[in-house]
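The values are calculated or read from the model by the stated rules, or taken from the named source; none is laboratory data. Since the structure is predicted, the reported quantities are computational estimates derived from the model, not experimental observations. Backbone-built Cβ (ideal geometry, glycine too); neighbour counts: all protein chains shown.
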């Protein structure tokens, strides 16, 4: 061809031929591109449908989990296993359910549609109750400070103090303690299962925390004070004496002297100094300076708000404003306990039992500027499966006198007796008496002293602004059944933030 | 002018050669034109398919997000259905609705299952 071109014989035709060849190649390229693009679109469509199918399969299994989470047998059939299936027009799929942690599952699906494979996976988590302390989860909730009110006592249950707290005289709290101010635990044998404090914590003498300690302030330890678990301190650790049996995490400085000792490791964010010796003298397991201390999250230790709950109005419950009727030493309908009712009760023989019968319905009783102090050894027992509400208004008060029991029958059942006050009303437990109830008087007072009638002075849950407890009284927590009561405004559930059991999709992880 | 003279001075192709060449070139030309036209057609249709698919997918994605259908671009319908996932000998059966979404000008659909 070159020869022909050189000869310039018929070269024009050759040029045209070359152009046609180039054009043909170009056409082939364009055609190929178009075909590939069309194929790509088809693959894209199939992949997209595959993804929708995979998500559909995940949706199906998640729906089953949501509806059957409480059925351990049903869940065991899913977790760790692979399922499969198909949907008309949507292809086939396989689904795996894996447990990532308690209350956290991953549901993954792989779908095949027209030969294309897609995956979708979702993280499914169990919801928790709103962050914070549920007031009725405590044996005592002090809606103020308790620097002097917690005298010699044993409290079996958690305690919340919305202010500073001082515990001394050998008192014991066998539960977790939350203090929204400074905390002082001194004197022999003061123990708690665990402690959170918004302010400084002072442990002295043989003050003991038998669980973890958390404080947003400083920790000062002296004498033979002991923390039997870990200590986490946003502020500084001042330890002239005392013992931390496990680890200590300190946000700021650490100071040691005397016979202080940390059996675990120490991590601190500031400086570590000693009154004598070296750090290893006080922390044999080792001390490390850190730069990434994360302050304690206080949210789990915050309380839900405390609404003031008033008695139903006469419009809401007209019967409540009629005088309560006592028939055969039994109250079986709502009414007001006024002076005439108190007089009737006082007239009963010593040691009598008044029954409040809640077998058929809830019983509402009202004390309106009325002191309820019988003083004749009267036992008041609640029977039935419904609730009894005693509303206190004005200057009302309840006094459980010597040899008197006021609570559930049979004893030991969860209290369905609610004493609710909207002001500064008070409840007093005198020597040799017992109250089993849920007391909710956010601005009120509870006082207790003297011997119990049997074992405990109080069984239930008590929320007041001020407590005055002494004489080595013993309180026992019993969880009130707040569903269906005015206290149901609080989330029900486990203590200190446990609760709701709903599952939901936290996130879709991929496509 | 020089080239023209050169052509004049050279011996030309025969008539048969010219006829054969023109025939071949014509066939090639028709092929090229056809290929270009087909390519153009494919590309055009593909663009439409792609847009229809995107609109149909948007209908499903709106459903996933709990939003209403955008009736300007897609048509969404649904019917009762159940989905079964078999784990060994155990079946998880979920009742719900199959949602079908298509572009308003197309029959191409995507399907999605939403439990009740």
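Of all the residues in segment B:80-105, those that are at the interface with chain A (Cβ under 7 Å from one of its Cβ atoms) and in a strand (DSSP E or B) number 8.
Scanning segment A:373-405 for residues that are in contact with a helix residue (DSSP H, G or I) (Cβ under 9 Å, 6 or more places away or on another chain), assigned to a loop (DSSP other than H, G, I, E, B) and buried (at least 19 other Cβ atoms within 10 Å of the Cβ) yields A:374, A:378. Is there a residue in segment A:76-92 that is closer than 23 Å to residue A:46 by Cα, touching a helix residue (DSSP H, G or I) at 6+ places or on another chain (Cβ under 7 Å) and in a loop (DSSP other than H, G, I, E, B)? Within segment A:76-92, one or more residues are closer than 23 Å to residue A:46 by Cα, touching a helix residue (DSSP H, G or I) at 6+ places or on another chain (Cβ under 7 Å) and in a loop (DSSP other than H, G, I, E, B).
Quick grid of which residues meet (1) part of a loop (DSSP other than H, G, I, E, B); (2) at pLDDT 85 or above; (3) surrounded by 19 or more Cβ atoms within 10 Å (Cβ to Cβ); (4) at negative phi:
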| site | (1), (2), (3), (4) |
| --- | --- |
| B:11 | yes, no, no, yes |
| B:36 | no, yes, no, yes |
| B:63 | no, no, yes, yes |
| B:72 | yes, no, no, yes |
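Residues in segment A:56-89 that are within 7 Å of chain B (Cβ to nearest Cβ) and under 30 Å from the mean Cα position of the chain (by Cα): A:59, A:61, A:63, A:64, A:77, A:78.
Checked against (1) touching a residue at least 40 places away in the same chain (Cβ under 8 Å); (2) surrounded by 20 or more Cβ atoms within 10 Å (Cβ to Cβ); (3) touching a strand residue (DSSP E or B) at 6+ places or on another chain (Cβ under 6 Å), residue A:409 passes all but a single condition, namely (2).
Residues of segment A:338-367 that are in contact (Cβ under 8 Å) with a residue 40 or more places away in the chain and touching a helix residue (DSSP H, G or I) at 6+ places or on another chain (Cβ under 9 Å): A:364, A:365, A:366.
When residue A:387 is tested against the conditions (1) at pLDDT below 95; (2) under 30 Å from residue A:168 (Cβ atoms); (3) within 27 Å of the chain's Cα centre (by Cα), the lone failure is (2).
Counting only strands (runs of 3 or more DSSP E) wholly contained in segment A:242-282, the ones carrying 3 or more residues that are surrounded by fewer than 22 Cβ atoms within 10 Å (Cβ to Cβ) and either touching a strand residue (DSSP E or B) at 6+ places or on another chain (Cβ under 8 Å) or not assigned by TED's automatic domain parsing to the domain that holds residue A:296 (or both) occupy A:272-274.
When residue A:53 is evaluated against the numbered criteria (1) in contact with a strand residue (DSSP E or B) (Cβ under 6 Å, 6 or more places away or on another chain); (2) under 17 Å from residue B:109 (Cα atoms); (3) within 9 Å of chain B (Cβ to nearest Cβ); (4) surrounded by fewer than 24 Cβ atoms within 10 Å (Cβ to Cβ), which criterion, by number, is the only one it fails? Tallying (1) in contact with a strand residue (DSSP E or B) (Cβ under 6 Å, 6 or more places away or on another chain); (2) under 17 Å from residue B:109 (Cα atoms); (3) within 9 Å of chain B (Cβ to nearest Cβ); (4) surrounded by fewer than 24 Cβ atoms within 10 Å (Cβ to Cβ), residue A:53 fails exactly one: (4). All of A:430, A:425, A:370 fail the test of being touching a helix residue (DSSP H, G or I) at 6+ places or on another chain (Cβ under 9 Å) and touching a residue at least 24 places away in the same chain (Cβ under 8 Å), apart from A:370.
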